[in-house]
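Trainee: Right, I'll just put the structure down here and ask away after.
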Amino acid sequence: MRELIDADRLPAQPRCTAQKLAAVRRGPVPLAAWAVPARPRISVLADAQDCPCGILGYLSWLDVRTGLVCWVYAREDPPALRALISHALAALAHCPRIEAFVGASPGPLGPGGLPRTRRGATHDALLQSGFTGRRCGSYLHRVLPAEPPPAKLVADVFPCDFPPGHRLIIREAAEPVAEAVVSVGADRTATVYWIETLSTRRRCGLGHKLLAQALALLAEQGATEVALVVVDDAPHPTPDSQAASRLFESFGFTLVDQLWTYQHRRPPGGRGGGPGPAAGACPPVGAGP
């Protein structure tokens, strides 16, 4: 199963491990407004030789009639993808709304949204199953030099438990004005989860200084490449999004792919799981909590 997931791995995306799969099966972090825990499921699609050829993660909440397709991997094989998505729609038939590939920050098994170009077959299978899609962000990547240039230490650095890594904070008169959260994985891949400057202190160079120190910290910790997700779901570029793009470009980050998210709505009183599996496809097996 981990090989199926890693076959679609993006640059600087950590490899799948047994620990990450176990964490996914425990479900997402509870949301304050949704007191009842989610019910995660993982289903595996097997071929005629009983070998895994696709894997799907989905869930629903007990008190919110919304389903979520977290991820689906099948080496971009259209029949397998259609079978997996059809299985998810049938399992979530009680949900009037089903979302897929929701989220911006990189998670344990993916970048949040679906890489639209690199995973065109998955995109097509979702649309053919009745989902509608929209752009939600961009996945950026950069290789880190073995010996990064020295960075001015402008931020205080603290350990961070979630996500596991470090938080960097720039303060002025004891008040935080800029913050970043970064992490290094076991395979020397790194992630910038968050970087933000107080609105009244933007365009003063704080973001540049903060990112320079963050990247230097990641390189010192042994990271060889780093990725980040930029949320850019507005229909037109905003001054803030343009400033963020210029900042990341100035540090050598390049676009890997646009990220998309999807939604499926059933008509009132409607049920059913969308198109069935293509001829020759095996039904998903091994579904479990």
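Each value in this text was obtained by applying a stated rule to the coordinates, not by laboratory testing. Quantities reported herein were computed from a predicted structural model and do not represent experimental measurements. Note: ideal-geometry Cβ built from the backbone for every residue, glycine included; neighbour counts use all protein chains shown.
Trainee: Mind pulling up the Rg/Rh value for segment 142-257? Radius of gyration and Kirkwood radius, both on Cα.
Mentor: On the way: Rg = 13.9 Å, Rh = 14.7 Å.
Reported Rg/Rh (Cα atoms, Kirkwood Rh): 0.95.
Trainee: Kindly give the semi-axes, whole Å and largest first, of the ellipsoid equivalent to segment 51-130, taking each as the square root of 5 times a Cα gyration tensor eigenvalue. Intermediate values should be presented prior to the final figure.
Mentor: Values: eigenvalues 76, 48, 27 Å².
Values for segment 51-130, descending: 20, 15, 12 Å.
Trainee: Let me ask you something else. Just to confirm the filter: which trypsin sites (Lys or Arg not before Pro) across segment 188-268 are DSSP coil and have at most 10 other Cβ within 10 angstrom of their Cβ? Working shown, then result.
Mentor: Numbers: sites: ARG188, ARG201, ARG202, ARG203, LYS209, ARG246, ARG265; in loops: ARG188, ARG202, ARG203.
Qualifying residues, ordered by number: ARG203.
Trainee: OK, next. May I ask you to derive the FRET efficiency for ARG203 and ARG9 from their Cβ-Cβ distance with R0 = 30 Å, giving the value to the nearest 0.05? Can you show the working numbers first?
Mentor: Values: r = 36 Å, r/R0 = 1.19.
In this case the efficiency is close to 0.25.
Trainee: Around THR66, which amide H atoms from residues at least 5 apart in sequence, or from another chain, sit under 5 Å from its own amide H, with H modelled in the peptide plane?
Mentor: Under 5 Å from the amide H of THR66: TRP61.
Trainee: Can you give the Kirkwood hydrodynamic radius of segment 58-185 from its Cα pairs, in Å with one decimal? Walk me through the numbers before you get to the answer.
Mentor: Values: mean 1/r = 0.0560 Å⁻¹.
Over segment 58-185, the inverse of the mean reciprocal pair distance is 17.9 Å.
Trainee: Counting only DSSP beta bridges with both residues in segment 142-257, tell me the antiparallel percent, nearest 5.
Mentor: Around 85 percent of the beta bridges assigned by DSSP in segment 142-257 are antiparallel ones.
Trainee: Per 5 Å bin, what percent of the C-alpha pairs of segment 157-223 does each bin hold, from zero upward?
Mentor: The percentages, shortest bin first, are 4, 18, 29, 23, 14, 8, 3, 0.
Trainee: Write down the radius of gyration of segment 221-272 and its Dmax, each obtained from C-alpha positions, in Å.
Mentor: 17.6, 55
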